[in-house]
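Comments concern the structure below.
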Amino acid sequence: MPNNHKTKLLVVICCASFASGLMASSVNVALPDISREFNINAATLPWITLTYILSSTIMMLAGGRLSDIYGRRRIFIYGLIIITAASFVCALSGSEGMLIIFRGCQGIGNALLNSPGSAIVVAAYPANQRGKALGIYLASVYLGLTMGPLIGGVLTGYLGWRSLFFLNIPIGLVCLILLWQMRRIPDEAVYGRFDVTGWLICSAAIFLIMYGLTLVPSWPGIWLFTGGLIGALVFIWWEKRTPIPLLDMDLFKNNRIFIFSNLAALINYGATYGISLLISLYVQYIKGYSPQGAGLILASIPIMESIFSPLAGRWSDRLGSRNLASLGMALSTVGLVMLYFISRETSTLYIVCALVVIGLGLALFVSPNSSAIMSSVASGSYGIASATLSVMRQMGMMLSLGIVTIIFALYIGSSQITAQYYPVFLSGVKLALGIFAVLSFAGIFASYARGSRRNA
């Protein structure tokens, strides 16, 4: 593929992925305004974000497999169409139920868009340029995720929360037009069969785990969570026996890099995704900031990621991923420990410094870790490997939000977050950040355990 064509393709993929990441996280900073408009209680509020992540996770493996069967470009375009259309309906929502349902539709579009994203980039670039290209692509994804609070805060403050969804529409339409004109995208479609049974088992397991997690410690929650774990074991059993699996379990066979890099990704997102929600609510409720002010504070993370993610991709091409990604996990842990000690009197500068450390840690982890995963499989498995990484990301996000949802339910319950609940709200925030710090610390060892080969 000519260099100018590769560059144009990368720009379009990055723009679309940035928009999907933006859509995933920008709503967090608008949750107080949405809560006031629809009178949503503290236990229900996280579901506006959680539904998006849940539906996206359920569809992620399906999107990866479908992209290997029918072509990556086609599935990417379908995802872009769905997320753009759902954004329009979300902007017109008249109730929290309608908003939550179409946030789920957005999640489906996000899965179909992101599951082949890494595969398209990897297939377009040679091995010696892959880390750099993936670094740029992943920087756009995570820049969207972490710029969401900043852009969301500004738009919510000046134009209202519905403007967040309207913003996604022109970006999606422009990307669709450009992609429709680009026919020469490496697809390697294999035209196999889709494992419907495996997907249904996997979807049921993910739903039971996540819904059960939000009900813990009640007995129904424990039973649902346990049923989900059993469903996950049934899924593994099925995938090992079906001739055309949804997830090729051979990818995990004797592939230490693939296994531990994916585990590290799961832990990393589990430990860091909920930060933007917690700090957004903390600075607005406890510190009295406006949505714009909250967005500016949270911009500390994307600024560091946008600067260092492409550099980390280049460094991983030369130095390998193991030490760089493990250092990133360690820095994220330090930042989370710093945030654990916040109180009503904590200065804004202290919070920003902690977020800067976390942003640098994410930048050093994400690109090298993703490059290691994609380089550990054959080209014919790029689609499902990319989808597996995306599933780990989404599962980590769900775990992170699940922890927050459980803590809010235990500390505040069905009440709205008002001044009388601020002390217990702050205690819940600190508990969640402490759990995230422990998770991140465990992730250092998962990242380092991948092996010492150059690409690892």
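Every number in this text was worked out from the coordinates using simple rules, so none of it is lab data. This one's a predicted model, so the numbers in the text were calculated from it and none came from an experiment. Counting neighbours? That spans all protein chains shown, and the Cβs are built from the backbone with ideal geometry, glycine included.
Rg over Rh of segment 195-245, using C-alpha atoms and the Kirkwood radius, what does it come to?
Details: Rg = 11.9 Å, Rh = 11.0 Å.
Using only Cα positions, Rg/Rh for segment 195-245 is 1.09.
Quick one: which of 51-58, 338-345, 169-176, 76-83 comes out on top by average Cβ neighbours within 10 Å, and what's the full order, highest first?
51-58, 76-83, 169-176, 338-345
Once you have a ≥ b ≥ c as the square roots of the Cα gyration tensor eigenvalues for segment 3-106, tell me rounded if a/c is under 1.5, and otherwise prolate or oblate according to whether a/b is larger than b/c.
prolate
Relative to the longest principal axis of the C-alpha atoms of the chain, give the angle of the C-alpha long axis of helix 96-114, reported between 0 and 90° and rounded to the nearest 10°.
Relative to the chain, helix 96-114 is tipped by roughly 30 degrees.
From the P(r) of the chain, could you give the percentage of C-alpha pairs in the tail past 41 Å?
On the way: 10000 of 103740 pairs.
Across the chain, Cα pairs with separations above 41 Å total 10 percent.
Any chance you could give the angle, 0 to 90 degrees and rounded to 10, that helix 127-159 forms with the longest Cα principal axis of the chain?
For helix 127-159, the angle is close to 30 degrees.
Can you work out the FRET efficiency for the pair Ala419 and Val89, with r the C-beta to C-beta distance and R0 = 45 Å, to the nearest 0.05?
Working from the Cβ atoms, E equals 0.85.
If one computes the Cα centroid of segment 145-173 and of segment 73-115, what distance in Å separates the two points?
Between the Cα centre of segment 145-173 and that of segment 73-115, the gap is 15 Å.
Taking the Cα centre of the chain as the origin, how large is its charge dipole in debye, to the nearest 20, when only Lys and Arg (+1) and Asp and Glu (-1) carry charge on their Cβ atoms?
1020 debye
Work out from phi, with θ = phi - 60° and the Karplus expression 6.51 cos²θ - 1.76 cosθ + 1.60, the ³J(HN,Hα) of each residue of segment 290-305, listed in order in whole Hz, and give x for Gly and Pro.
Ordered by residue, 3J(HN,Hα) equals 7, x, 5, x, 4, x, 5, 5, 6, 5, 4, 5, x, 4, 5, 5 Hz.
Which of the lysines could be linked to Lys253 by a straight reach, that is with a Cα gap under 17 Å, when you skip same-chain ones fewer than 8 residues away?
Lys240
Out of Ile417, Ala86, Pro170, whose Cα points farthest toward the positive end of the dipole of the chain (charges: +1 Lys, Arg; -1 Asp, Glu; placed on Cβ)?
Of the candidates, Pro170 comes out farthest on the positive side.
Report the FRET efficiency, 1/(1 + (r/R0)^6), for Ile230 and Cys353, where r is their Cβ-Cβ distance and R0 is 41 Å, rounded to 0.05.
0.40
Kindly express, to the nearest 10 degrees and within the range 0 to 90, the angle between helix 422-448's C-alpha long axis and the longest C-alpha principal axis of the chain.
That helix lies at roughly 20 degrees to the long axis.
List the lysines whose Cα sits under 21 Å from the Cα of Lys6, skipping any in the same chain fewer than 8 residues away.
Here the lysines satisfying the reach criterion relative to Lys6 are Lys132.
Find which of Gln292, Trp180, Tyr340 sits farthest along the positive direction of the dipole of the chain, computed with +1 on the beta-carbon of Lys and Arg, -1 on that of Asp and Glu, about the Cα centre.
The one lying farthest along the dipole's positive direction is Trp180.
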